[in-house]
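Report on one structure; see the data block that follows.
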Amino acid sequence: MDPSHSPAELYQQALKLSAGDRAVLAGLLLDSLDASAEDHVDEAWRAEVERRMHELDTGAVTPVAWEQVRARLLQGGTA
């Protein structure tokens, strides 16, 4: 990084990009992070998905349609 540009300055410059270009930039920045940390996150998400699938399969939870969740959130309630 050019030492004359702080992260805040780079952020302000990035805001001038189109939404698509900002998305590409965000993806590139995320990809540049430590891969070992990403592996840990991937494993945590995998475990969470497995836990939730088990809850659904055993009937421990009842699924709620996205439309219902969205309506509750828009009304100021909790999901």
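The values are calculated or read from the model by the stated rules, or taken from the named source; none is laboratory data. This structure is a prediction, so every number in the text was calculated from the model and none was measured. Every residue, glycine among them, receives a Cβ derived from its backbone with ideal geometry; neighbour counts consider all protein chains shown.
For the range 1-58, the candidate set comprises residues that are in contact with an Asp or Glu (Cβ under 9 Å, 6 or more places away or on another chain) and surrounded by fewer than 10 Cβ atoms within 10 Å (Cβ to Cβ); within that set, the residue that is modelled with the lowest pLDDT is Asp31. Of everything in the range 20-60 that is in a helix (DSSP H, G or I) and of a type in the set (S, T, N, Q), the residue that is nearest to Pro7 (Cα to Cα) is Ser36. When the range 61-79 is limited to residues that are surrounded by 10 or more Cβ atoms within 10 Å (Cβ to Cβ) and in a loop (DSSP other than H, G, I, E, B), the one that is nearest to the chain's Cα centre (by Cα) turns out to be Val64.
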